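Here is the structure we will look at, set down as structure tokens.
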Amino acid sequence: MRLPPTCQPGTLVRRYKRFLADVLLADGQSLTVHCPNSGSMRGCSTPGSPVLISRSGNSRRKYLWTLEMVQEQGVWIGVHTGRTNQLVREALENGVIDDFGTLGSIRPEVRVAVGSRLDFRLETAGGTVYLEVKNCSLAENGVARFPDAVTDRGTKHLHELVRLAATGCGAAVVFCVQRSDADRCAPAAGIDPVYAETVAWAAGQGVRFLAYRAEVCPHAITVRAKIPFYPSGYPAERI
């Protein structure tokens, strides 16, 4: 996925109120930008970090610029969670994510219960698969972790997937790791133990858990490789 040509670099001053960030441009101009990430952004919101922002073509927006990625210790990290589904869809269509066999169709934003939607419904040669996608920006010691903040919504999605798996449908979660310094992925039990416990339970009920790492650079983000996911947690849990 190529990023908008209007992107430009800056330096992060601070991230605050969940959806706002102040960014300093090279010419000394200070901008308040939209931060499209509801998590804590732990490990990717250090003041002084290089960032990339994009300008919206919608002149009616209150904040015309959007935070796309942050660089920590030389590693670019994608923090725009609104792009994650597009990244995964591209990877499905291009055959990079090939865990579901031959795809007939991909339907986004599927309602599965009152007040509950999942990201995709895949029609495959083997039947229907319901798929939820999670953006993973947190990593420590080579282990990508999700979530970076307590996620009641994420836990609810797991229960929906277990219910669907019980009906005979396929059910899966894909963690899109938007940073290059992780080679495995696991639940962040130290941050949200309920979510971590629910992942382990759901895996035992037939829900598949997959992790794919994306290559993140200032001009494009591309899902490149599958990495191991540990539903019961990776040894030496630290966060």
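The values are calculated or read from the model by the stated rules, or taken from the named source; none is laboratory data. Just so you know, these numbers come straight off a predicted model, no measurement behind them. Cβ sites come from the backbone with ideal geometry, for glycine too, and all protein chains shown count toward neighbours. Surface areas here come from the heavy atoms of the whole protein model, side chains and all, with no ligands, DNA or RNA. Shrake-Rupley method; radii C 1.70, N 1.55, O 1.52, S 1.80 Å.
Determine, yes or no, whether residue 59 is among the polar types (S, T, N, Q) and surrounded by fewer than 21 Cβ atoms within 10 Å (Cβ to Cβ). Yes. Residues in the range 120-141 that are touching a strand residue (DSSP E or B) at 6+ places or on another chain (Cβ under 6 Å) and among the acidic types (Asp, Glu) were compared, and the one that is least open to solvent (accessible area, probe 1.4 Å) is 132. Contact map, the range 177-198: residues that are over 13 Å from residue 210 (Cα atoms) and in contact (Cβ under 8 Å) with a residue 60 or more places away in the chain paired with residues that are open to solvent by less than 10 Å² (accessible area, probe 1.4 Å) and among the polar types (S, T, N, Q), Cβ distance under 7 Å, separation 6+ or inter-chain. Pairs shown: 178/137; 179/137. Give the residue that is nearest to residue 44 (Cα to Cα), with candidates limited to residues of the range 123-158 that are over 19 Å from the mean Cα position of the chain (by Cα) and at pLDDT 95 or above. For the range 123-158, the residue satisfying everything is 129. Taking the range 142-155 as the range and being farther than 17 Å from residue 110 by Cα, open to solvent by 20 Å² or more (accessible area, probe 1.4 Å) and basic (Lys, Arg) as the test, no residue passes.
When the range 14-34 is limited to residues that are within 22 Å of the chain's Cα centre (by Cα) and hydrophobic (A, V, I, L, M, F, W, C), the one that is surrounded by the most Cβ atoms within 10 Å (Cβ to Cβ) turns out to be 21. Scanning the range 105-135 for residues that are of a type in the set (Val, Ile, Thr) and either assigned to a strand (DSSP E or B) or in contact (Cβ under 8 Å) with a residue 40 or more places away in the chain (or both) gives 106, 110, 112, 124, 128, 129, 133.
Screening the range 156-239 for strands (runs of 3 or more DSSP E) wholly inside it with 1 or more residues that are open to solvent by 10 Å² or more (accessible area, probe 1.4 Å) and among the basic types (Lys, Arg) returns the ranges 184-187, 208-217, 220-227. Within the range 35-45, the only residue that satisfies the criterion of being open to solvent by 60 Å² or more (accessible area, probe 1.4 Å) and either at pLDDT below 95 or under 12 Å from residue 21 (Cβ atoms) (or both) is 38.
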